[in-house]
Amino acid sequence: MFERTFGCANGHRFDQARYGYLTLLDPRAPKTIGDDRAMLESRRELLARGAYGRIADAVARAVVDSRSIVSAPERGLSVADLGCGTGYYSASVMAHASVSRLLAADRSPDAVRMTLRALAGAVPVTGVVLDLWRPLPLRDASADVLIDVFAPRNPPEYARVLRQHGSLVVVVPTAAHLAGLRERAALLDIPGDKDIHVVERFERVGLLLSARDRIEYRLSTDASTRALIASMGPSAHHGAGRESTLDTASDEAGEARDFVVSVDVLTLTKP
């Protein structure tokens with residue numbers, strides 16, 4: 001029996017799961033599940049090894065440097081991590097910025113549960129399962145900062161949810177990101193102008209580019225690291241299946257190989 005039920009003036013009612021999150025999916029939403037537990041466990045293991053630590057630091061730095069800090073210096077920031085995954089990037093932001101409350105949202109119930117566990121004991125954290133492609137069940141102008149790291153993007157809804165002078169921090173991979181590994185393991189391609197396309201989409205809804213930070217470094221990998229990368233992302237949903245992807249990524253198992261990590265950390269601001 002659920003202990004708490006939430007509702008709105010329109011008569012919608014939602015039960016809180018025993019893990020502490022709410023599922024606010026539109027009944028008409030596609031029946032997808034987002035990242036499954038195996039993908040998330042692979043991602044958590046890779047991130048625990050520090051492979052993307054520089055990206056996490058850059059996301060936190062972008063939040064600290066954003067105009068949102070000026071608009072909410074005393075009360076702390078209201079932050080929404082949209083596509084929260086394992087909670088790794090939220091944890092980095094909370095370690096460096098003054099955050100008064102955090103919304104951890106993802107299409108995957110496993111991701112929301114994982115984030116809630118990772119951030120337990122921190123500032124008030126609300127976990128919500130929702131579909132980022134559809135209208136978001138969030139109030140207008142309710143967030144100082146939105147974080148979107150390797151996640152789907154919904155420009156009109158992000159613009160609606162951000163407060164004036166609020167900031168959106170988006171991480172976008174470049175064409176050079178893990179290029180050699182993507183070829184070897186048949187991972188999804190990344191267009192060369194992805195960042196330009198992302199910026200243009202947000203500018204059309206009034207969010208303007210205010211900062212750009214190119215994070216690029218060489219990552220030394222062994223076979224297990226390559227297998228984690230191949231199995232943690234969207235490519236695991238495609239192709240001949242996770243097993244063949246892992247086999248391809250793990251060839252020459254005794255060989256250490258370097259690949260380039262290359263992303264743009266974009267800060268877009270609502271004037």
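Just so it is clear, none of the values below were taken in a lab; they were calculated from the coordinates. Bear in mind the structure is a predicted one, so any value in this text is a computation, not a measurement. Cβ: placed from backbone, ideal geometry, glycine included. Neighbour counts: every protein chain shown.
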Inter-label distance for SER220 and ALA176, nm, one decimal - labels placed 7 Å from Cα along Cα-to-Cβ: 2.0 nm
Can you work out the Karplus-derived ³J(HN,Hα) for every residue in the stretch 150-161? Use 6.51 cos²θ - 1.76 cosθ + 1.60 with θ = phi - 60°, whole Hz, and x for glycine or proline. 6, 10, x, 10, 10, x, x, 6, 5, 5, 5, 6
Tail beyond 26 Å, pair distance distribution of the stretch 71-216 (Cα, percent): 27 percent
